[in-house]
1. Which is in contact with a Leu (Cβ under 6 Å, 6 or more places away or on another chain) and touching a residue at least 24 places away in the same chain (Cβ under 8 Å), of E146, E67, E82?
2. Let me spell it out: the conditions are (1) surrounded by fewer than 20 Cβ atoms within 10 Å (Cβ to Cβ); (2) at pLDDT below 95; (3) within 17 Å of the chain's Cα centre (by Cα), and G487 meets all of them except one. Which number is the exception?
3. Could you list, in sequence order, all residues of segment 82-103 that are within 16 Å of ligand 1 (Cβ to nearest atom) and farther than 17 Å from I57 by Cα?
4. Looking only at segment 153-162, which residues are away from ligand 1 (no atom under 16 Å from the Cβ) and open to solvent by less than 10 Å² (accessible area, probe 1.4 Å)?
5. Taking segment 195-221 only, how many residues are open to solvent by less than 40 Å² (accessible area, probe 1.4 Å) and either of a type in the set (K, R) or within 20 Å of the chain's Cα centre (by Cα) (or both)?
6. What number of residues within segment 396-427 satisfy the criterion of being open to solvent by less than 50 Å² (accessible area, probe 1.4 Å) and either over 34 Å from the mean Cα position of the chain (by Cα) or at pLDDT 95 or above (or both)?
7. Filter segment 163-186 for residues that are surrounded by 24 or more Cβ atoms within 10 Å (Cβ to Cβ) and within 16 Å of ligand 1 (Cβ to nearest atom) and give the result.
8. Does segment 189-196 contain at least one residue that is modelled with pLDDT of 95 or more, among the hydrophobic types (A, V, I, L, M, F, W, C), within 15 Å of ligand 2 (Cβ to nearest atom) and assigned to a loop (DSSP other than H, G, I, E, B)?
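The values are calculated or read from the model by the stated rules, or taken from the named source; none is laboratory data. The structure displayed is predicted, hence computed values, not measured ones. For neighbour counting, all protein chains shown are included, and Cβ atoms are generated from backbone atoms with ideal geometry for every residue, glycine included. We work out accessible area using only protein heavy atoms, side chains counted, and drop any ligands, DNA or RNA first. Shrake-Rupley method; radii C 1.70, N 1.55, O 1.52, S 1.80 Å.
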Amino acid sequence: MRTSIATVSLSGTLTEKLAAAARAGFDGVEIFENDLTGSPLSPEEIRERAADLGLTIDLYQPMRDIEAVPADEFARNLRRAEHKFRLMRRLGADTVLVCSSVSPYAVDDDTLAAGQLRRLADLAQESGIRVAYEALAWGRHVSTYEHAWRIVEAADHPALGVCLDSFHILARGSDLSGIEDIPGGKIFFLQLADAPQMALDVLQWSRHHRCFPGQGDLDVAALVRAAVRAGYDGPLSLEVFNDVFRQADAGRTAIDARRSLTLLQESAGVTAPPAPVVPTGFAFVEIATADTARIAPLLTALGFSRTARHSGKPVDLWEQGEARILLNTDTDTDTDTGSHRSGPSLTAVGLESPDPAGASARAESLLAPVLPRRRAPGDAPLDAVAAPDGTEFFFCVTERPGDTGHPGWTGDFVPAPHTPAPIGITRVDHVALSQPWHHFDEATLFHRGVLGLRPQASVDLADPYGLLRSRAVSNEDGTVRIALGVGASPGEDPARGGRPQHVALVTDDLVPTVRRALASGARMLPVPANYYDDLAAAHEFAPGELETYRELGILHDRDEKGEFRHCYTVTTGRVFFELVERVGGYDGYGARNAPVRLAAQHALAE
Ligand SMILES: O=C(O)c1ccc(O)c(O)c1
Ligand SMILES: [Mg+2]
């Protein structure tokens, strides 16, 4: 099906919006009146610009407060309509959206509404224009799609149909089955938007909090399926009013939008992009740093050994159990981000992939920036994409005894002499990546759609200097977990995502692991005594257990499935490490402890 986007969904001038929509691969646009009236271009020039970019103008909108009004008011409305239709002919737009009236003059009279819309459709038809009537969820007398359709059906005019807008329909919790009772040819237009569930006045909710399908809580795919079953074959058009998108870079928003639409088409069964390839574990985490003076001693204290060096690049492999960390001192690769200036930073994540080429094909079809393969002659090909925060995700295979097929990435490393001194770390539990604040929804959709991870509920964590919103995405068995966080913090560069990132490492027995780390010189984050007094009130502990936690700076959480013990190293550059022990089926990240950890980190930074 054709794809379209309303200009209101993107920031900038009309010209910038058109360019962004075209670049992201949309087939058409809905032009919002404000964008046109504020443009220095004539309608003919806009038409030409759109055509040059390969875009059709699928809709012009909105016309308001047309129907069910007294005769003199309606006469004025028709005069207004004549002007608009003339403009639309110059623009080359053949469908106009009419919103259900919110006018205080409108009366609750469907016969009058149908009669006046028929007159409007007559006038439109003379100009070769079709009228799509949309029920605003807050319309004065018409606020449901069923009602709008009853009026359109009664008006019975070939140039009059309905516009279905997923927000208005799903926000009201309407029954979707009525959509299939509308003949497909009478659905003139389909507007799509999602929104997070909120207990908010519906107009405010619509005008400020809409988001792209898949980024909120509404079942937009169910609505698309119903419209397709009804026989609708017009464009799928995104119409998103969102305060953040109004400020964000239009090119980037348009890509996010187009990705959302492909994923929506996939869930609605109208498009089949390459299937998702769900990662099965972490192959490595890469930390870039100009010099290893700060990070290497910390890794050593945490029981990692430098086991190998890349044959062609200044990259060292540090290992312990199945936890692998790459230290990349090739600062050229991160001069763009300037991250080396603030010390070690987490720049890439290797995901264990059952099908790296398939994962890459999926990513490409979803407009993820596929990175040029960084390889020397003889290196294993590494497929990689950039996430919205700039983190590079590599789809890789770690060679194991007996493996055949895809060449493993470790083959590019030359073993280095070392004496293993493990402290009990077995693998990576999760990585926590901070997102630029206006790309949080984009990031969640990216990790779900492109990487095949499942998002959990978002939680708000109190930080002394702001609120941190966190949302974890993971694979089915929890062997890949990424905690996405957003929230500015004083003194940190928001352009780089602000907060430090971290790598959480699994141990099966945290207490001895921490003791060994401390004995080898690791600096752990001190935790205030008040925390342990609070913990004593919350739970009962075995004799001595709490005292041990207090002594070692271990935090504790429990849920109905199990327990969680964790602690943190101090931050070096933009990175710190967490040591975690999951007991039983505990599936969280110790959210209750996050405010204490954040306060402790600030205290240490001062
Ligand atoms: O908020 C509004 O007024 C408005 C206008 C046009 C639309 O298509 C819509 O869904 C909402
Ligand atoms: Mg709409």
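1. E67
2. Unmet condition: (1).
3. Hits for segment 82-103 are C99, S100, S101, V102, S103.
4. Matches in segment 153-162: A155, A159, L160.
5. Here the count works out to 13.
6. Looking only at that region, the number is 6.
7. C163, L164, D165, S166, F167, H168, I169
8. Yes, because at least one residue in segment 189-196 is modelled with pLDDT of 95 or more, among the hydrophobic types (A, V, I, L, M, F, W, C), within 15 Å of ligand 2 (Cβ to nearest atom) and assigned to a loop (DSSP other than H, G, I, E, B).
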